[in-house]
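Below is one structure, written out as structure tokens; the observations come after it.
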Amino acid sequence: MTIKKGEVIELKIPAKSEYISLGRLAIASVANRCGFNFDIIEDLKIVISEAITNAVKHGYVCTDDGVIDIRFTIFEEYLSVLVKDNGKLAKGSLPEETLPYSTDVTSDTLEIGGLGLLLIKSLTDDVIIKEDKGLSIEMIKYFGKE
């Protein structure tokens, strides 16, 4: 069975580290059905792990009952993966240049603890980070760009 273009798959998980593996399983399944090869699927599993970890670590610092929304949208030319929390971003938890996201961040200019966003940037084709009632990270991976 393949996934149709325009299809949207949504998943809500508790904002707890033990649910990161569920996100990894979901993206592996969606990416496989989209036709991505093994290496790209492994990269996407890293990407979603980092995005969910970021939401757990920074989005819900003061509460144990947060929810993370994950949305996979299959477009004609790419897969969009959105990870969104509705938490309150801890002041100073993301580098100044993160919002709006800077593509100029390198390992030399990286703040401590910012490796996840650098990994996400390097393993996807485009990253859009927005802050609105929480933080959303949209990651784009084009088909056939391997």
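The values are calculated or read from the model by the stated rules, or taken from the named source; none is laboratory data. Nothing here was measured: the structure is a model prediction, and the numbers come from that model. Here the Cβ is made from the backbone with ideal geometry for all residues, glycine too, and neighbour counts use every protein chain on show.
Please list, ordered by first then second residue, the pairs with beta carbon atoms under 6 Å, 6 or more apart or interchain, first in segment 46-57 and more than 14 Å from Ser21 (Cβ to Cβ), second at pLDDT below 95 and part of a helix (DSSP H, G or I).
Hits for this filter: Val47/Ile120; Asn54/Gly116.
Out of the residues in segment 16-38 that are under 23 Å from Lys145 (Cα atoms) and among the charged types (D, E, K, R), which is surrounded by the fewest Cβ atoms within 10 Å (Cβ to Cβ)?
Step by step, filter segment 16-38, then rank; the result is Arg33.
Select from segment 127-146 the residues that are farther than 26 Å from Asn37 by Cα and surrounded by fewer than 16 Cβ atoms within 10 Å (Cβ to Cβ) and write down the one among them that is modelled with the lowest pLDDT.
Asp132
Inspect all residues belonging to segment 34-49 and state whether any of them is outside any helix (DSSP H, G or I) and either under 15 Å from Lys84 (Cα atoms) or of a type in the set (Phe, Trp, Tyr) (or both).
So far as segment 34-49 goes, yes, one or more of its residues are outside any helix (DSSP H, G or I) and either under 15 Å from Lys84 (Cα atoms) or of a type in the set (Phe, Trp, Tyr) (or both).
Looking at segment 28-61 only, could you name the residues that are under 16 Å from Phe143 (Cα atoms) and touching a Phe, Trp or Tyr at 6+ places or on another chain (Cβ under 8 Å)?
Selection gives Val30, Cys34, Gly35, Phe36, Leu44.
Does Ile13 fit the bill of being buried (at least 17 other Cβ atoms within 10 Å of the Cβ), in contact (Cβ under 8 Å) with a residue 40 or more places away in the chain and either not in a helix (DSSP H, G or I) or not aliphatic (A, V, I, L, M) (or both)?
When the stated conditions are applied, Ile13 passes them.
Answer yes or no as to whether Ile41 is without any contact (Cβ under 8 Å) to a residue 24 or more places away in the chain and either surrounded by fewer than 19 Cβ atoms within 10 Å (Cβ to Cβ) or of a type outside the set (D, E, K, R) (or both).
In short, yes.
Would you check which residues across segment 50-96 are among the hydroxyl-bearing types (Ser, Thr, Tyr), at pLDDT 95 or above and either more than 18 Å from Arg24 (Cα to Cα) or buried (at least 20 other Cβ atoms within 10 Å of the Cβ) (or both) and list them?
Listed by number, the list holds a single entry, Tyr78.
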